[in-house]
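Visitor: First, the structure itself, so that you have it in front of you.
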Amino acid sequence: MSAVGAAMLDIKDLTGGYGRVQILNGANLSVQRGQIVALLGGNGTGKSTLLKAASGLIRPWGGSITFAGTRIDAMRPDAIVRAGLVQVTQGKETFPGMTVEENLLLGAYVVKDRARRNAALERVYDYFPILRDKRHQPSGGLSGGQLQMVCIGRGLMSSPSMIMLDEPSAALAPQIVMGIFQTIHRIARDGMTVLMVEQNVRMALLLASYGYVIKDGMIHIEGPSEHLINDDNVRLSYLGGTVANREAKL
Amino acid sequence: MLDYFVDPIIIGVSIGMVYGLVALGISLIYSGLDIVHFAHGEIYMFGAFIGLTLFQKLALPYVPTLLLAIVLTGLLGMFIERVFYRRLTSGGGGYTVAGMAMVVSGFGMSILLQNIAFLIWGPKALPFPVPHGMPIEIGDLALPMSYVWIIGTALVLMTALHLVLKKTMIGLAMRAVAYNKDIAYLSGINVPLMISLTFGVACALGAAAGVLIGPINYVQVQMGIGILVKAFAAAVVGGFGSLPGAVLGGVLVGVVESLGAGFISGTYKDVYAFVLLIIVLMVRPAGILGVSIKMKA
Ligand SMILES: Nc1ncnc2c1ncn2[C@@H]1O[C@H](COP(=O)(O)OP(=O)(O)OP(=O)(O)O)[C@@H](O)[C@H]1O
Ligand SMILES: [Mg+2]
């Protein structure tokens, strides 16, 4: 897979952790341009840690992270955003004292041209029309689904070439999850490369073309989504048990 | 009878504005860097001395003196943050950690700055004679121009800060950093730079306060100690971390102090601020405008 052409994101032998506690034990993962890739795994296996290493929030201990041909593992997070790689964190965190629009505009902080910022804003409102109606409301009063939209929208505001989404469907009602997944599908169709961490295994694999399963900070299984889906359910069930989730047509 | 009150109230408001400017800086630093800056009184003192030096040695007019002192002290603040406080941050990433180390180094910085000021400007209380012109006459009232300058300048600076925080991308970024540094970083904001900038702005406001108080007080090495106490009282009364609260708290402390000195006794001038502080804390422990959202402008 990763042999075909140059990968957009290429992570090799990545190690890292918090303080002295090692979480990542030599993870290898790569994402091709234009692909949606799912990163799956149980609780506390290091999915978020891997994304944080890629976005620069934590400094890797070893290995390499290459984005669009450039080593980014020693770069500051804002420089990585400027390079075109954006992470949307788990937990739907916004700036609650600010309006929806201010939250979104902050995502375009690296864009110095006001016209381009406004164009990005229009694009986000196009993906998430409800945010246009709420744009002057403080984000503190939004529902969970709308908060997630603000977070994804903020990630899109700098017009990155790749976005990493950490559990975009977590703690949301099923019909909201459907909407979010459909929008991720649209965003990818419009040319965005996506790496998506998910507990919602089946839905994620329906959306993604390739998947990785992480366990103890290492990639345990990888392969095209249809292989992983059809892989015996035993292997999938140990991912965290969302196999029997509802079927989704996307 | 009315004039009897108006006079101390105007004096109280203008002194309160000075407290408010220093308290604003303390609140900004607390919001943006998560530290309580115990050397902020010395920043105010440095601002006053720098202003005095510009005014006398370079013979600058008052307004350029004020502006240049603001800028220079702001830069000094950024230098102090970058070179000293940044070393105490987690992993050098520019995130400041609240903790005993920071409190101790704040006190250390306060002593260091006092000693440097002592070496440069000496122990004497120096006058800062600014010819502001004749007092304004309003009815029976003769309002000294220095008070008008304090109130006017403080209002301009507070409005400017409010507009920057509310209306510009830099201001938005400063508030974002105050609220959540990880998310700010992931939004593409240069977090360490914003922290420096926040610190610089806070120090610049302190310098403004120092240059404004200069003409009605003497400028001396120990002037930072008293103001720190008053500014803390102001920040807590208004709601620690709230920017409008810092201004409101400053004015309240100033007015209560001035009325107390005028009508009860001048001997206990410094006690009134604390009586106010205790009353407010009993009635509203979070302060008058206590907020959960940091750097609420
Ligand atoms: N800031 C931190 N400091 C110390 N340990 C942490 C920190 N964040 C996460 N950990 C630990 O690192 C391990 C991996 O965490 P990580 O967040 O990467 O897991 P995850 O795969 O994203 O799990 P989840 O599905 O719960 O989000 C966990 O054991 C967690 O407790
Ligand atoms: Mg996680």
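The values are calculated or read from the model by the stated rules, or taken from the named source; none is laboratory data. Being a predicted model, the structure only gives us computed values, none of them experimental. For neighbour counting, all protein chains shown are included, and Cβ atoms are generated from backbone atoms with ideal geometry for every residue, glycine included. The area values use the complete protein model at the heavy-atom level, side chains included, leaving out ligands, DNA and RNA. Shrake-Rupley method; radii C 1.70, N 1.55, O 1.52, S 1.80 Å.
Visitor: Name the residue, out of B:ILE189, B:ILE183, that is touching an Asp or Glu at 6+ places or on another chain (Cβ under 7 Å), within 14 Å of chain A (Cβ to nearest Cβ) and assigned to a loop (DSSP other than H, G, I, E, B).
Guide: When all the criteria are applied, what remains is B:ILE189.
Visitor: What's the number of the condition B:MET295 fails, among (1) modelled with pLDDT under 90; (2) out of contact with any Pro (no Cβ under 8 Å at 6 or more places or on another chain); (3) away from chain A (no Cβ under 14 Å)?
Guide: (3)
Visitor: Restricting the first residue to region A:148-170 and requiring it to be over 12 Å from A:GLU93 (Cα atoms) and more than 13 Å from chain B (Cβ to nearest Cβ), which pairs with a second residue that is assigned to a loop (DSSP other than H, G, I, E, B) and within 16 Å of ligand 1 (Cβ to nearest atom) meet a Cβ separation below 6 Å and a spacing of at least six or different chains?
Guide: Close Cβ pairs satisfying both conditions: A:GLU167/A:GLN90; A:SER169/A:ASN200.
Visitor: For the subset of region A:3-17 comprising residues that are outside any strand (DSSP E or B) and either open to solvent by 10 Å² or more (accessible area, probe 1.4 Å) or within 14 Å of ligand 1 (Cβ to nearest atom) (or both), which member is nearest to A:VAL86 (Cα to Cα)?
Guide: Residue satisfying both the conditions and the ranking: A:ALA7.
Visitor: Can you tell me which residue is farthest from ligand 2 (Cβ to nearest atom) among those in region A:18-59 that are open to solvent by 10 Å² or more (accessible area, probe 1.4 Å) and on the phi > 0 side of the Ramachandran plot?
Guide: Among those that are open to solvent by 10 Å² or more (accessible area, probe 1.4 Å) and on the phi > 0 side of the Ramachandran plot, it is A:GLY34.
Yes/no matrix, rows are residues, columns are (1) under 21 Å from A:SER30 (Cβ atoms); (2) in the same structural domain as A:ASN103 (by TED's automatic domain parsing); (3) open to solvent by less than 40 Å² (accessible area, probe 1.4 Å); (4) not aliphatic (A, V, I, L, M):
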site: A:GLU122; (1), (2), (3), (4): no, yes, no, yes
site: A:ASP126; (1), (2), (3), (4): no, yes, no, yes
site: A:ASP133; (1), (2), (3), (4): no, yes, no, yes
site: A:LEU165; (1), (2), (3), (4): yes, no, yes, no
site: A:ILE176; (1), (2), (3), (4): no, no, no, no
site: A:ALA188; (1), (2), (3), (4): yes, no, yes, no
site: A:VAL197; (1), (2), (3), (4): yes, no, yes, no
site: A:LEU207; (1), (2), (3), (4): yes, no, yes, no
site: A:VAL213; (1), (2), (3), (4): yes, no, yes, no
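Visitor: May I pose another question? Look at region A:30-47 and say how many of its residues are within 8 Å of ligand 1 (Cβ to nearest atom) and either without any contact (Cβ under 8 Å) to a residue 60 or more places away in the chain or under 21 Å from A:ARG82 (Cα atoms) (or both).
Guide: Result for region A:30-47: 1.
Visitor: Looking for whichever is within 14 Å of chain B (Cβ to nearest Cβ) and within 16 Å of ligand 2 (Cβ to nearest atom) here; the options are A:LYS112, A:LYS92. Which one fits?
Guide: Working: A:LYS112 fails: within 16 Å of ligand 2 (Cβ to nearest atom).
The unique qualifying residue is A:LYS92.
Visitor: Now for a different question. On the basis of being modelled with pLDDT under 95, hydrophobic (A, V, I, L, M, F, W, C), in the same structural domain as A:ARG33 (by TED's automatic domain parsing) and closer than 18 Å to A:LYS52 by Cβ, does A:ALA170 make the cut?
Guide: It is true that A:ALA170 is modelled with pLDDT under 95, hydrophobic (A, V, I, L, M, F, W, C), in the same structural domain as A:ARG33 (by TED's automatic domain parsing) and closer than 18 Å to A:LYS52 by Cβ.
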